[in-house]
Amino acid sequence: MAAEFAVFEGLTPLTRVSGLFAVVIGLLAAYWLLRVGREARLGWVPRVAWWSVPGLALLLFAPVLDVPAVFGIGAALLLIAEYWPGAFAPARQKPSPAWPLVGVALGAVLTISIVRAPEVSSLAVGAALILLLLGTGGLLASVLYPVSTRLPGFGVRWQTAQSPELPDLTVTLTEHGAQLRNVSRRTLNLAGWSPASVNGWLRLRDEGGRPLNTLRVGQTAFLPLDGQESGVRVWYVAGSTSAMPLLFRADWTPRVRADYRVLN
């Protein structure tokens, strides 16, 4: 084990990593930070997307270690972090900046010690980069998280709601209910929904049963309905929670009465 660490200590990334390759890694890191900031503005925080950080570290150290498999593992982690369905998830509350500040502080201290050291340590450089990237990403998720991105609440049910001229939502009937899709160009803050036949108030959820506070562009929600239901009502707010409540109404002929439908 000591011999293995000695091998790592003897490597110097600055002499084995080309300038062009380092620029590419820097651009990938900047893209990840920009995406974290963009998602944070919509009320979403990284989940699987955190795997981008070790992925970038493995890419950077692939030429240093001279092991092609390390590059493949790093690239795989980046692809998973980018395209995995759960890369980002809605946060129930504003993320705390405490641990990101600790990460940035430790990364900065480690960077200063590297600059002052007579020899550059590969492990120290890698640890500093990981801490700085993790801390910066966490700070972006905390600082840019909108305070207004919350469930509007039950009070919306009793306020005067308007139906937009162009619908923000569409509904598609399925075998077990209905699929609600955001077809607008903005994120919708969800309040609640009810079948048209009852005066109810239910929380919107995805197909996995997880509650949804917001519905991003193109995202869907699942409404459990039986074959006798004839419509749905969905209350939501576009923008801040202080904006005018909106109501989506959809009505149809129940499947159990489809044979008795008369077209005039």
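Kindly check whether there is at least one residue in the stretch 43-50 that is over 22 Å from LEU132 (Cβ atoms) and either touching a Lys or Arg at 6+ places or on another chain (Cβ under 6 Å) or open to solvent by less than 20 Å² (accessible area, probe 1.4 Å) (or both). The answer is yes; a qualifying residue exists. Taking the stretch 213-246 as the range and being hydrophobic (A, V, I, L, M, F, W, C), modelled with pLDDT under 85, under 27 Å from PHE88 (Cα atoms) and part of a loop (DSSP other than H, G, I, E, B) as the test, only ALA243 passes. Restricting attention to the stretch 190-207, which residues are of a type in the set (S, T, N, Q) and within 9 Å of TRP235 (Cβ to Cβ)? Scanning the stretch 190-207 gives a single hit, SER194.
Close Cβ contacts (under 7 Å, 6 or more residues apart or on different chains) running from residues in the stretch 179-191 that are in contact (Cβ under 8 Å) with a residue 24 or more places away in the chain and closer than 16 Å to PRO90 by Cβ to residues that are open to solvent by less than 10 Å² (accessible area, probe 1.4 Å) and of a type in the set (S, T, N, Q) comprise THR187/THR214; LEU188/ASN182; LEU188/THR214; ASN189/THR214; LEU190/THR214.
Assuming ARG249 fulfils every condition listed in (1) at pLDDT below 85; (2) surrounded by 12 or more Cβ atoms within 10 Å (Cβ to Cβ) apart from one, which condition is it? Checking ARG249 against (1) at pLDDT below 85; (2) surrounded by 12 or more Cβ atoms within 10 Å (Cβ to Cβ), the one that fails is (1). Could you tell me which residue of the stretch 70-92 is farthest from the chain's Cα centre (by Cα), considering only residues that are among the small types (Gly, Ala, Ser) and open to solvent by less than 20 Å² (accessible area, probe 1.4 Å)? The residue in question is GLY74. Check the stretch 149-157 and report whether any residue there is open to solvent by 60 Å² or more (accessible area, probe 1.4 Å), at pLDDT below 80 and among the basic types (Lys, Arg). Yes: the stretch 149-157 contains one or more residues that are open to solvent by 60 Å² or more (accessible area, probe 1.4 Å), at pLDDT below 80 and among the basic types (Lys, Arg). Residue check: ARG210 meets all listed conditions (1) under 15 Å from the mean Cα position of the chain (by Cα); (2) buried (at least 16 other Cβ atoms within 10 Å of the Cβ); (3) at pLDDT below 85 but one, namely (2). At least 3 residues being in contact with a strand residue (DSSP E or B) (Cβ under 9 Å, 6 or more places away or on another chain) and over 29 Å from GLY218 (Cα atoms) is the threshold, and among the helices (runs of 4 or more DSSP H) wholly inside the stretch 64-145 not one reaches it. The requirement of being within 22 Å of ALA57 (Cα to Cα) and either at pLDDT below 80 or not polar (S, T, N, Q) (or both) is not satisfied by ALA91.
Give the residue that is farthest from GLY135 (Cα to Cα), with candidates limited to residues of the stretch 109-122 that are aliphatic (A, V, I, L, M) and surrounded by 14 or more Cβ atoms within 10 Å (Cβ to Cβ). Let's see the steps before the verdict.
Restricting attention to the stretch 109-122, the residues satisfying the condition of being aliphatic (A, V, I, L, M) are 109-110, 112, 114-115, 117, 120.
Filter once more, so that each one left must be surrounded by 14 or more Cβ atoms within 10 Å (Cβ to Cβ): 110, 114, 120.
Working: LEU110: 13, ILE114: 18, VAL120: 22 Å.
Among those residues, the one meeting the criterion is VAL120.
When ILE25 is tested against the conditions (1) under 16 Å from TYR83 (Cα atoms); (2) touching a residue at least 24 places away in the same chain (Cβ under 8 Å); (3) not acidic (Asp, Glu), the lone failure is (1).
In this entry, PRO63 is excluded by the filter for residues that are under 30 Å from PRO211 (Cβ atoms) and either surrounded by 15 or more Cβ atoms within 10 Å (Cβ to Cβ) or at pLDDT below 80 (or both).
The values are calculated or read from the model by the stated rules, or taken from the named source; none is laboratory data. Predicted model, so just to flag it, every value in this text is computed and none were measured. Positions of Cβ are generated from backbone atoms using ideal geometry, with glycine treated the same way; all protein chains shown enter the neighbour counts. Quick note on the areas: whole protein, heavy atoms, side chains included, nothing else; ligands and nucleic acids left out. Shrake-Rupley method; radii C 1.70, N 1.55, O 1.52, S 1.80 Å.
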